[in-house]
1. Above 36 Å lies some portion of the pair distances; for the chain, what is it as a whole percent of all C-alpha pairs?
2. Give me PHE22, PHE366 ranked fewest to most by other Cβ atoms within 10 Å of their Cβ, as a rough exposure proxy.
3. Name every cysteine in the chain that ends up alone, with no second cysteine's Cβ under 4.7 Å, or say none.
4. Pull out the extension gain between SER97 and ALA185, defined as 0.36 nm times the separation in residues minus the alpha carbon to alpha carbon distance; nm, one decimal.
5. Along its principal axes, what span do the Cα atoms of the range 165-264 show, with the longest given first and each in whole Å?
6. Taking only the C-alpha atoms, wrap a convex hull around the range 107-157 and report its volume per residue in Å³ as a whole number.
7. Restrict the search to the range 75-150; then list the GluC sites (Glu not before Pro) that DSSP places in a loop and that have at most 16 other Cβ atoms within 10 Å of their Cβ.
8. Calculate the dipole size of the chain relative to its Cα centre from +1 charges on Lys and Arg beta carbons and -1 charges on Asp and Glu beta carbons; express the result in debye to the nearest 20.
Amino acid sequence: MIIDKLDSPVEGSLMPTPGGRFYTDPQIFALEQEHIFEKTWNCAVRSADIAEAGSWKVVQVGREQLIVSRNRRGEVRAFYNVCRHRGMRVCTQESGSGRTFQCGYHAWTYDLDGKLVAAPNLTRMPDVDRDQYGLRAVAVREWLGYVWVCLADEPPSFTETVLGEVVTRLGDVHHLDNYRIEELALGHRINYDVAANWKLIIENFQECYHCATIHPELTNVLPEFAEGWASQAFVNHGAEFGEGIDGFTVDGAAGVGTLPTIAPDQDRRYYAITIRPNVFVNMVPDHVIMMRMVPVSAERTIVECDWLFVPEVVESGTDVSASVELFDRVNRQDFDACEKTQPSMSSAVYADGGVLVPAEHHIGIFHDWVRDKIGSGPSADG
Ligand code: FES
Ligand code: FE
């Protein structure tokens, strides 16, 4: 079994990666959807995208489509987008707003808390329990200005899993709190459609061995990245701006000021964390870049990227294009590398995998995590 290669003892500089099938096999992808994306907390929707009561957005989580919405009390809700009558998609647009959700097939109508409130002839069917036949809800909570959802019947502890990821990487959650991400406003958003397995994108994000080769603008701003050591390999390490660099912008010119609440040792530094399974958070002195991945298939992933600034910057129409351009270029460089790697995952040459150099060994923790989650599923042996 391919994944068991990771049990091999590490000797010397090189550590094995999983074989190519790990990145191409639809059965492994299905196991990941079932045991990772449908069991853990996923960052699903930016809260401000459903700011008003009755507004909603449709998102994909694992193999399911969800409606993420806000009720009259301003609370977020998430439901399977499956009509309880005969299964039609209740919301057929990407987003919208209204006082109820009405299915377009036979007009079963649900309120903003998911309860069945109307249907043709419903009053002549008094035995129908309107809660039981309401939209099926999933667990939700808001954090960092985003709605997080979990499909599991018994969701894992948000504190232990999601916040635990932050603690592992940054040492504590306060470091992240300083950026007050939930108070920031959306300055720019780009959705990338990447022809690569989601794990290649996570692996790429976790190492900087490639930075000197493909990221000239980034290594200009963060010279230590040219050394190839990723800040994610060390707890609470922020990469320092180079001399003469005034901001996290495409040419190193000044950005848009400094977030008022960050600590002095967070100034002039870039921090990045991965919150498994689908979030990257990039923190720089004047903005935060939130990225969330939606795996579509074993070989395709949508990456939604938000650039967040203090509201005054966004409201005043301040030009943030130099900030956006830096990480947009980094993203395109990274995704291009992932897309040029994906086809080789099917090559006979890569059947037994490749290798990680010491600067990449920490990626093995991610491989172990995936393997542990999808574990001994029968189709992983296939
Ligand atoms: Fe939705 Fe019939 S399937 S009302
Ligand atoms: Fe990169």
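1. On the way: 20315 of 72771 pairs.
Considering the chain, 28 percent of its Cα-Cα pairs are separated by more than 36 Å.
2. Values: PHE22 27, PHE366 17.
The order, fewest Cβ neighbours first, is PHE366, PHE22.
3. Here CYS43, CYS91, CYS150, CYS305, CYS338 come out as lacking a disulfide-compatible partner, given the Cβ-Cβ threshold of under 4.7 Å.
4. Details: separation 88, 0.36 × 88 = 31.68 nm, distance 2.10 nm.
Result: 29.6 nm gained on full extension.
5. Result, largest extent first: 36, 33, 29 Å.
6. On the way: hull volume 4.4 nm³, N = 51.
About 86 Å³ per residue, rounded to a whole number.
7. Of the GluC sites (Glu not before Pro), the ones in loops of the range 75-150 whose Cβ has at most 16 other Cβ atoms within 10 Å are GLU75, GLU94.
8. On the way: 33 positive and 55 negative charges, 374 e Å.
My answer is approximately 1800 debye.
Each reported figure results from applying straightforward, stated rules to the coordinates on display, with no laboratory input. From a predicted model like this one, the values you see are computed outputs, not experimental measurements. Cβ sites come from the backbone with ideal geometry, for glycine too, and all protein chains shown count toward neighbours.
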